[in-house]
Amino acid sequence: MATQFAAPHYEPSRKEIRLVIAASSAGTVFEWYDFFIYGTLYAIISKAFFPAGNETLSVLLTWATFAIGFGFRPIGAILFGFLGDRLGRKYTFLVTVTLMGIATAGVGLVPSAESIGLAAPLLVIGLRILQGLALGGEYGGAAIYVAEHAPPHKRGFYTSFIQGSVVGGFVLSIAVVLLCRLAIPEEAFNSWGWRVPFLLSLILLAISLWMRFKLSESPVFKAMKEEGEIAGNPFVESFTYPGNKKRIFVALFGVTAGLTTIWYTAFFSALSFLRGPMRVDGQVVELTLFVAGLIAMFFYLPVGKWSDRVGRKKPIIIGNILTLVFLFPLFWAMGNLANPGIAEAAKANPVVVAGRDCSTDPFADLTGSVTSDCGRVLQTLVASGVPYSIEPADTLTLSVGADEIALDPAWQENPAARKAGIEAALAGHGFDFSPQFPPLASLAGIVAILLCLGVLSALTYGSVAALLAEMFPARIRYSSMSIPYHIGAGYFGGFLPLIASYIVARTGDAYAGLWYTWGFVAIALAVSWWGLPDGPPRDFAEGEGARQ
């Protein structure tokens, strides 16, 4: 059993804590910018690296590659958690930010699939893996570094800047894309200009390294090193230290499972929802999310400060409960504001597909399975954002209201012609497939809804860096908090855009993917209620075993 180590009480000067927070937060903003720029530009990337005759498949392959980066985050957490607990907090996250910047710039240099074929997506996948490894070490390093400089009564507030910085990375990615769109003509941007935001990561890398080189090592790590308390194998000790298995379980399913699915639903699901089935103009969506994200990133600070008074558990429990109650209503309201015509047209003239084998598999083209004629019609309706119902029948028919649409046999082998023909027929029954430009009042309402989602995210995320730092012993803290955080964020959250999009593609219901989030939040509520400590925040004390 490990010897007891009492973390030193350290009260930094105002100048020092400002530098610690600024450098750590800026690096986190830049690193998440690097990671999120891919998701912000998913619509263009799908055409550049994953072209396919099936529009839905192209988007799913893009989100799958997005998810691959998240899938490697736990490996990065293990690798850099080990280094952070053995070699120190500062130099470990210097390595992670360097790796991230280089990998992101690399994505901007990869030729398109039209130029080099299959090598293009393979190179992008490789670079996303490097990004995932880097991000697996970044969050734990930055969060712990700030937490170990902060006095206990301000730890939630100081570390909440790290939480807000994650949103800051998303906001920065949208801001850069919008500025590039203003400076570069649309045709040129879609051709080559989208690469500029990736290449700009080299400038952000230089700024981040300059700021972080000014930092000194964490006082807690220096004290452990002086006393010879550095862990021999932090990864192994994370699972053998008394009570740590329970704490890792609670951190994974009670903390991360909720916060990460809420976060990605609030921002990336909203992004794909508005651009996809709601058909809102891409630049309008980006500007709307920029405004909402810029405001929402400041919600995390008061939540972190509040948790210093009431404890870390209460905000998380409240956030999970409110999410279960309001998640679907908020998205229903957003859909009605973004494109009320879809719901009105579907209600006045419901779309019914009848036939045999009426199901759709978005990955059929990859697996080699044969899609039925009915399945192809469903694929087109899904790609067009049209809600539908299915009825069994011997003959394939597509009905809108009381009218039947004639299906040209030539459409079955020509996705573009099928989409054009079906959309033209539906347009005659009130369906509008042009890019949507909601009026200003509706956009204000959408921003308000996104801010509500931001509040839900802040409640479940704002105090988490402090909470995780307090849950685990200092000698293995980097590894112990990074492993469950990045497993949860990497798999539960990172795969959310892919899985939610797949659910929508299979069901034809633009809101069905929200059940993925709802399920994980329900699990998080149960586990956090059971496993998180009540009362005011308190430091982990060595030798207390399974106290938490």
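Nothing in this text is a laboratory measurement; each read-out follows from the coordinates by a stated rule. Quick caveat, the model's predicted, so the values are computed rather than measured. Backbone-built Cβ (ideal geometry, glycine too); neighbour counts: all protein chains shown.
Which cysteines in the chain lack any other cysteine whose Cβ sits under 4.7 Å from their own Cβ?
CYS180, CYS452
Can you tell me the dipole magnitude for region 348-424 around its Cα centre, using point charges on the Cβ only (Lys, Arg +1; Asp, Glu -1), in Debye to the nearest 20? All intermediate terms of the calculation are to be shown ahead of the outcome.
Details: 4 positive and 11 negative charges, 33 e Å.
Approximately 160 debye in magnitude.
By how many nm would the segment from ASP539 to LEU199 grow when fully extended, if each residue of separation counts as 0.36 nm and the alpha-carbon distance is taken off? Please report the intermediate quantities before stating the final value.
Values: separation 340, 0.36 × 340 = 122.40 nm, distance 4.18 nm.
My answer for the length gained is 118.2 nm.
Give me D for region 348-424 in µm² s⁻¹, whole number, from Stokes-Einstein with Rh from the Kirkwood sum over alpha-carbon pairs, 25 °C and 0.890 mPa s.
Translational diffusion coefficient: 194 µm²/s.
Can you compute the label reach from GLU186? Point 7 Å from Cα along the Cβ direction, backbone N cut-off under 17 Å, restricted to region 437-475.
Residues passing the 17 Å test: 437-438.
Report the FRET efficiency, 1/(1 + (r/R0)^6), for PHE298 and THR397, where r is their Cβ-Cβ distance and R0 is 56 Å, rounded to 0.05. Write out the running numbers ahead of the final one.
Values: r = 53 Å, r/R0 = 0.95.
In this case the efficiency is close to 0.55.
Please report, to one decimal in angstroms, the Kirkwood hydrodynamic radius of the chain built from all distinct Cα-Cα pairs.
For the chain, inverting the mean 1/r across all distinct Cα pairs yields 24.2 Å.
So for the chain, if I pair up every lysine 8 or more residues apart or on another chain, how many of those pairs have alpha-carbons under 16 Å apart? Before the final figure, lay out each step's value.
Working: LYS15/LYS154; LYS15/LYS214; LYS90/LYS214; LYS90/LYS222; LYS90/LYS225; LYS154/LYS305; LYS305/LYS313; LYS305/LYS314.
Qualifying lysine pairs in the chain: 8.
Net charge around GLN283, counting only other residues with Cβ within less than 11 Å of its Cβ (Lys, Arg = +1; Asp, Glu = -1)?
Net charge in that neighbourhood comes out at -1.
ALA345: net charge of surrounding residues, Cβ under 15 Å, Lys/Arg +1, Asp/Glu -1, itself excluded?
With Lys, Arg at +1 and Asp, Glu at -1, the neighbours total -2.
Would you grab the residues whose amide H sits under 5 Å from the one on GLN436? Only those 5+ places off in sequence or on another chain, please, with H modelled 1.01 Å from N.
Excluding prolines and chain starts, which carry no amide H, the hits are VAL280, ASP281.
Need one number: nm distance between label points at VAL352 and TRP529, each 7 Å from Cα along Cα→Cβ, rounded to one decimal.
According to this spin-label approximation, the distance is 4.3 nm.
Below 8 Å between Cα atoms, with a sequence gap of 6+, how large is the relative contact order for region 348-424 in percent?
It rounds to 38 percent for region 348-424.
In what sequence, highest mean first, do 244-255, 456-467 appear when ranked by Cβ atoms within 10 angstrom?
Result, highest mean first: 456-467, 244-255.
What does the charge count near GLU237 come to, summing +1 for each Lys or Arg and -1 for each Asp or Glu among other residues with Cβ under 9 Å from its Cβ?
Result for the local shell: 0.
Need one number: nm distance between label points at ASP509 and PHE328, each 7 Å from Cα along Cα→Cβ, rounded to one decimal.
0.7 nm
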